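Colleague: The structure under discussion is supplied below as structure tokens; questions concerning it will follow.
Values quoted throughout were computed directly from the atomic coordinates according to the rules given, and no laboratory measurement underlies them. In this text the structure is predicted, and so the values were computed from the model without any measurement. Backbone-built Cβ (ideal geometry, glycine too); neighbour counts: all protein chains shown.
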Amino acid sequence: MTELAQRICSRARELGFDLVGLAAAAPPPHLAAYREWVAHGYHGEMGYLARPERVARREDPCMILPSTRSIVCVGANYYTGDVPAELAGDPARGLISRHAWGRDYHYVLLARLEQLADSVREATGPVVEHRAYVDTGPLLERSLAVRAGLGFIGKNTCLIHPRIGSWLFLGELLLDAELAPSSPISDVGCGTCQRCLAACPTGALIAPHILDARRCISYLTIELKGAIPRDLRPLVGNWIFGCDICQEVCPWQRFARQTDKLPFCASAPEHAAPRLLELIGLDEATFRQRYRHSPIWRARRRGLVRNVAVALGNWGDERAVPALVQALFDQESLVRGHAVWALGRIGTSAARAALEAIRTREEDPSSRREIEAALASWE
Ligand code: B12
Ligand code: SF4
Ligand code: SF4
């Protein structure tokens, strides 16, 4: 390894990255799989993944920064422990996936990558150009991470490191410096295991290494802006932001080491598994104050409360009825429609009376359809 490469790797570790590797600025190895995935429409409403200019950039990182000669790939362990069992098993609580327990990783890790770029510039002079990305850039991050020796892609589609597992955020630094590439990890993989495919509640892992995002709870609770398809709502359970099931069941996770890196820790167990009844009435100001610096910000208040309504319907307990009845008057029709569904699922006479009462008052066509569907299910 050259002196510069060594310096980059040790500085990346100093900055708190758990994994670092170097990749050549060549098209990533899984391009054909990506193109096929998009062609099948598995990206759903994440239209940016299919836009031709964005696909072209994924095909060749030099389309982003023409002078790119190397890519520094990093991984940050975000495993900060588990929700206490009594909270995790309580259907009156919502589950938030581990990646969203702490501060928004995009900002935390981008700042570290910029510091890494500063160190490169100190070593090489100010001429080196760079671009830093975490998640949102037009890069095939898992594929590049494989090339840089950070791990292998499991059948759950996640990048798994054989000694750390997959609770990892990925990031990249595109550099116009020539660095000898790292070697990919070989001879490890899933073998005959299929646990993640069997465990996925919605059947989103339609085949090994292929995820139909339109069925994935992570997509439904974070990326989807409109209504969650009715047939999938019962399968979402009490996940209210993201989903960790296909990683929790993975045998490689036995190697996960708990990180003490504060940015990714939940401020309290309550944050990782909040009471649903405390969230259904969440107002805009509280949402902003509580989630501004969290990944949960992405769902907006309307998305999060929509998810909470679905989880309450899946809880199915009559104690949820009064709060759901209040949600029938939420300013967002999206929330009202999902509260209707939840009341229909709980199905008590009080729930039915509330729906009868708003039947003629609801003006939004989609919420009206939800009411008719809920009432019809009783007839
Ligand atoms: C869109 C997206 C999603 C979508 C779609 C996910 C998917 N699997 O396609 C949704 C919203 C569902 C999602 C969910 C999650 N995401 Co996401 N997501 C992305 C994003 C922005 C693009 C991914 C993408 O291009 N998907 C299209 C598919 C085709 O590509 P891929 O996921 O890279 O999958 C590769 C393999 O499937 C492989 N492949 C295909 N066929 C075959 C066959 C064989 C034999 C092999 C070996 C490989 C292989 O080729 C693909 C191309 O690299 C990336 C960031 C980025 N820019 O890459 C983050 C990213 C993948 N997500 C991340 C995270 C943390 C998550 C969640 C864990 C969050 C959560 N808990 O809810 C879940 C995990 C769910 C899962 N099992 O993937 C991390 C993954 C870290 C890791 N260890 O893998 C990333 C890298 C963000 C980051 N910078 O940290 N995500
Ligand atoms: S994140 Fe959840 S819903 Fe998505 S593929 Fe994994 S287990 Fe299935
Ligand atoms: S659960 Fe099994 S099949 Fe799925 S990613 Fe882990 S090792 Fe691979």
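Colleague: Across every pair of different alpha-carbon atoms, what Kirkwood hydrodynamic radius in Å does region 242-379 reach?
Modeller: 16.6
Colleague: Taking a quarter of the surface of the Cα convex hull of region 46-109, what do you get in nm²? Can you show the working numbers first?
Modeller: Details: hull surface 28.5 nm².
Taking the Cα atoms of region 46-109, their convex hull projects to 7.1 nm² on average.
Colleague: Given +1 on the Cβ of Lys and Arg, -1 on the Cβ of Asp and Glu, and no further charges, what dipole in debye does the chain carry about its Cα centre, rounded to the nearest 20?
Modeller: Values: 45 positive and 43 negative charges, 30 e Å.
Taking the Cα centre of the chain as origin, the dipole is about 140 debye.
Colleague: Turning to a different aspect of this structure: When you take every Cα atom in region 171-210, what is the radius of gyration, and what is Dmax, the widest Cα pair distance, in Å?
Modeller: Cα radius of gyration and Dmax of region 171-210 are 16.9, 45 Å respectively.
Colleague: Please compute one quarter of the surface area of the Cα convex hull for region 302-363 and express it in square nanometres. List each step's numbers first, then the result.
Modeller: On the way: hull surface 14.0 nm².
With the hull built on Cα positions only, its mean projection is 3.5 nm².
Colleague: Shifting gears a bit: Let me know the charge dipole size of region 187-326 about its Cα centre in debye, to the nearest 20, where only the beta-carbon of Lys, Arg (+1) and Asp, Glu (-1) is charged. If you can, show how the numbers build up before the last one.
Modeller: Numbers: 19 positive and 13 negative charges, 83 e Å.
Magnitude of the dipole: close to 400 debye.
Colleague: Can you check what the Kirkwood hydrodynamic radius comes to for region 36-75, Cα pairs only, in Å to one decimal? List each step's numbers first, then the result.
Modeller: Numbers: mean 1/r = 0.0855 Å⁻¹.
After inverting the pairwise mean of 1/r, the radius is 11.7 Å.
Colleague: Tell me the relative contact order for the chain as a rounded percent, counting alpha carbon contacts under 8 Å between residues six or more apart.
Modeller: On the way: 676 pairs, mean separation 73.5, N = 379.
Reported relative contact order: 19 percent.
Colleague: Percent of Cα-Cα pairs per 10 Å bin, from 0 to the last occupied bin, for the chain, please list those.
Modeller: 5, 22, 29, 23, 13, 6, 2, 0
Colleague: In the chain, what % of DSSP beta bridges are antiparallel (nearest 5)? Before the final figure, lay out each step's value.
Modeller: Numbers: 24 of 26 bridges.
Restricted to the chain, the bridges split so that about 90 percent are antiparallel.
Colleague: OK, next. Pick from Trp239, Trp101, Trp252: which is most flexible by mean-square fluctuation in a GNM of the chain where alpha carbon atoms under 10 Å apart are linked?
Modeller: Trp252
Colleague: Taking only the alpha-carbon atoms of region 35-153, what semi-axes of the equivalent ellipsoid follow from 5 times the gyration tensor eigenvalues under a square root, in whole Å, largest first? All intermediate terms of the calculation are to be shown ahead of the outcome.
Modeller: On the way: eigenvalues 196, 103, 30 Å².
Semi-axes, largest first: 31, 23, 12 Å.
Colleague: Fewest first, what order do Leu4, Leu95, Leu355 take by the number of other Cβ atoms within 10 Å?
Modeller: Values: Leu4 18, Leu95 25, Leu355 22.
Placing the least packed residue first, the sequence is Leu4, Leu355, Leu95.
Colleague: Something else now. With each run of n ≥ 4 DSSP H residues scored as -39500 (n - 2.57), what mean residue ellipticity at 222 nm is computed for the chain after dividing by its residue count and rounding to the nearest 500 deg cm²/dmol? Can you show the working numbers first?
Modeller: Details: 17 runs with 148 residues, N = 379.
When only DSSP H runs of four or more count, the value is -11000 deg cm²/dmol.
Colleague: Something else: So how strong a dipole does region 148-252 carry about its Cα centre when Lys and Arg Cβ are +1 and Asp and Glu Cβ are -1, to the nearest 20 debye?
Modeller: Details: 8 positive and 9 negative charges, 113 e Å.
Rounded to the nearest 20 debye, it is 540 debye.
Colleague: In region 233-379, with Lys and Arg counted as +1 and Asp and Glu as -1 at Cβ, which of these residues, Trp239, Leu355, Gln326, has the Cα nearest the positive end of the dipole, that is, farthest along it?
Modeller: Result: Trp239.
Colleague: May I ask for the distance between the Cα centers of region 233-300 and region 306-377, given as a whole number of Å?
Modeller: Each part's Cα centre sits 24 Å from the other's.
Colleague: Give me a comma-separated list of calculated 3J(HN,Hα) values for region 147-157, in order, Karplus coefficients 6.51, -1.76, 1.60 applied at θ = phi - 60°, integers in Hz, x for any Gly or Pro.
Modeller: Karplus values, whole Hz, x for Gly and Pro: 4, 7, x, 7, x, 10, 8, x, 5, 7, 6.
Colleague: Here is a follow-up. Can you give me the distance in nm between label points at Asp260 and His209, each placed 7 Å from the Cα along the Cα-to-Cβ direction?
Modeller: Result: 3.9 nm between the two label points.
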